[in-house]
Amino acid sequence: MKCCLPDQALEIIIRYLRWTGQTLMLSDEGFSLIEGKPELQIIEVACDCRAIAITGDCHVRICEVDIDTGWDKAIIRRKVEGYLRKKATAEEIICVAACLGVLK
């Protein structure tokens, strides 16, 4: 199962690119940031190619640039655990397990 970046991460990426006046460009060497207007299609391809990812400290990394998201991993973990224990359907649990690679 392919898991994509959450919409909140895409919003952060687009806001950052607009604020800095940059866009992503794909060349033979891979993705790079250049001056221009952000294009959603290129951003999605960059996410699929892992040129955009969420780091272990909850930043969003675009190429080699880390953007602070303001997310707190411990709080998010507690919310996910609580939701999975109390409210999640079997389908949601299976989808999360597949996304994490722990479904066997």
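The values are calculated or read from the model by the stated rules, or taken from the named source; none is laboratory data. Keep in mind that this is a model prediction, so the values were computed, not measured. Backbone-built Cβ (ideal geometry, glycine too); neighbour counts: all protein chains shown.
Here's a check for you: in the stretch 1-56, which residue that is part of a strand (DSSP E or B) and β-branched (Val, Ile, Thr) is surrounded by the most Cβ atoms within 10 Å (Cβ to Cβ)? Spell out the reasoning first.
The first filter runs over the stretch 1-56 and keeps only residues part of a strand (DSSP E or B), leaving 22-27, 30-35, 52-54.
Then keep just the ones that are β-branched (Val, Ile, Thr); that gives 23, 34, 52, 54.
Numbers: THR23: 17, ILE34: 11, ILE52: 23, ILE54: 16.
The qualifying residue surrounded by the most Cβ atoms within 10 Å (Cβ to Cβ) is ILE52.
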Yes or no: ARG85 part of a loop (DSSP other than H, G, I, E, B) and not hydroxyl-bearing (Ser, Thr, Tyr)? no
Between ILE62, ILE75, which is in contact with a strand residue (DSSP E or B) (Cβ under 8 Å, 6 or more places away or on another chain) and β-branched (Val, Ile, Thr)? ILE62
Those residues of the stretch 57-82 which are assigned to a loop (DSSP other than H, G, I, E, B) and hydrophobic (A, V, I, L, M, F, W, C) amount to CYS58, CYS63, TRP71
Can you say whether SER32 is over 15 Å from ASP66 (Cα atoms) and hydroxyl-bearing (Ser, Thr, Tyr), as far as the supplied structure shows? no
Restricting the first residue to the stretch 58-73 and requiring it to be in the same structural domain as ILE14 (by TED's automatic domain parsing), which pairs with a second residue that is acidic (Asp, Glu) and in a strand (DSSP E or B) meet a Cβ separation below 7 Å and a spacing of at least six or different chains? HIS59/ASP66; HIS59/ASP68
